[in-house]
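The values are calculated or read from the model by the stated rules, or taken from the named source; none is laboratory data. Note that this is a predicted model, so its numbers are computed, not measured. FYI the Cβ positions are ideal-geometry reconstructions off the backbone, even for glycines, and counts take in every protein chain you see. Keep in mind that these areas ignore ligands, DNA and RNA; they rest on the heavy atoms of the full protein, side chains included. Shrake-Rupley method; radii C 1.70, N 1.55, O 1.52, S 1.80 Å.
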Amino acid sequence: MTEYRIDDLAREAGTTTRNVRGYQDRGLIPRPERRGRIAVYGDEHLSRLRIINDLLSRGFTMTHIADFFERMEQGEDIAEVLGLRELVTEPWSRTPSQTIGVDELYELLGTNDPELLTRMRDAGLIEPVGDDALPVEYTITDTESIDGYVRLMASGMPLSYALDLQEQLDEDMRRAAHTLISAGRSAITEGRFDGWIPKVGEESDWATHFLGELRRTGRVAAHNTLYRALDQELSRQLDDYLEVARERNNRRD
């Protein structure tokens with residue numbers, strides 16, 4: 001096993017010593033072996049750092065990455081066993097992102113309210129750059145959604161209302177995602193058992209194909225189902241709204 005000092009490890013992984021220490025503090029990489037006053041890292045640390053870099057480049061936040069490691073590391077690296085690392089770590093969507101200065105972010109949102117910024121972070125809409133207590137830059141992880149909310153704010157909707165909307169959508173979408181992924185999990189284990197690991201070869205090829213089809217079908221079905229539901233709900237609430245308007249007009253008459 002190759003051994004590294006922290007500077008060598010960071011250089012080999014294409015990151016910084018500051019990031020290595022930050023990832024340690026977050027529990028994303030193991031603590032190094034201590035030999036007196038020297039911290040020694042190994043191949044496992046390098047592998048973890050390369051995975052983190054890959055996930056960050058794909059638009060994952062640190063919260064997503066922590067959740068990924070927590071779920072995927074169960075003794076052996078299940079994603080590696082299945083030969084599915086690229087498929088599993090590929091985001092279902094590639095929302096455009098942008099890194100801007102903190103003052104530009106405040107101007108865009110029309111506020112520097114810490115509570116609202118925390119809610120935006122929790123919703124995964126923004127992510128501070130670096131580990132400073134007072135970040136000087138933020139990454140907008142979903143510029144399309146932020147642009148939409150900014151337009152709604154320009155039309156009179158407060159940011160707090162927009163975040164209420166986002167939080168409710170997140171909750172509803174998590175339930176929809178659970179339904180879809182649970183159905184896929186049940187299909188994989190049908191006639192087998194939960195925790196079944198396909199063997200390399202035909203079984204692994206089938207699992208790869210199945211997950212690819214699940215991603216494609218799930219994305220299309222989820223979008224189209226949402227659009228139909230939006231049309232139906234808009235029609236229902238428009239009828240309700242007009243009925244309320246008629247009743248108010250009748251009372252005035």
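Brief remarks on what is shown
- Among residues of the range 1-27, those that are in contact with a Leu (Cβ under 9 Å, 6 or more places away or on another chain) and of a type outside the set (S, T, N, Q), counted: 9
- The number of residues in the range 229-253 being part of a helix (DSSP H, G or I) and farther than 30 Å from Ala176 by Cα comes to 11.
- Just one of the listed residues (Gly124, Gly218) is touching a residue at least 24 places away in the same chain (Cβ under 8 Å) and either of a type in the set (S, T, N, Q) or more than 30 Å from Arg21 (Cβ to Cβ) (or both), namely Gly218.
- Residues that are closer than 25 Å to Thr225 by Cα and surrounded by 12 or more Cβ atoms within 10 Å (Cβ to Cβ), drawn from the range 184-195: Gly184, Arg185, Ile188
- Filtering Pro135, Pro198 for residues that are under 30 Å from Thr16 (Cβ atoms) and either open to solvent by 80 Å² or more (accessible area, probe 1.4 Å) or not in a helix (DSSP H, G or I) (or both) leaves a single hit, Pro135.
- Reported count of residues in the range 37-62, each being over 15 Å from Ile6 (Cα atoms) and either assigned to a helix (DSSP H, G or I) or open to solvent by 70 Å² or more (accessible area, probe 1.4 Å) (or both), is 8.
- Taken over the range 70-120, the criterion of being touching a strand residue (DSSP E or B) at 6+ places or on another chain (Cβ under 8 Å) and at pLDDT 90 or above is satisfied by Thr99, Ile100, Gly101, Val102, Leu105, Leu108, Leu117, Met120.
- Residues being in a loop (DSSP other than H, G, I, E, B), at pLDDT 90 or above and surrounded by 13 or more Cβ atoms within 10 Å (Cβ to Cβ) - total across the range 140-157: 1
- For Arg215, the requirement of being surrounded by 13 or more Cβ atoms within 10 Å (Cβ to Cβ) and either modelled with pLDDT under 90 or of a type in the set (A, V, I, L, M) (or both) is met.
- Hits in the range 98-132 (condition: within 19 Å of Ala162 (Cα to Cα), open to solvent by 30 Å² or more (accessible area, probe 1.4 Å) and assigned to a loop (DSSP other than H, G, I, E, B)): Gly110, Thr111, Asn112, Asp113
- The range 1-24, residues that are touching a residue at least 60 places away in the same chain (Cβ under 8 Å) and open to solvent by 50 Å² or more (accessible area, probe 1.4 Å): Arg18
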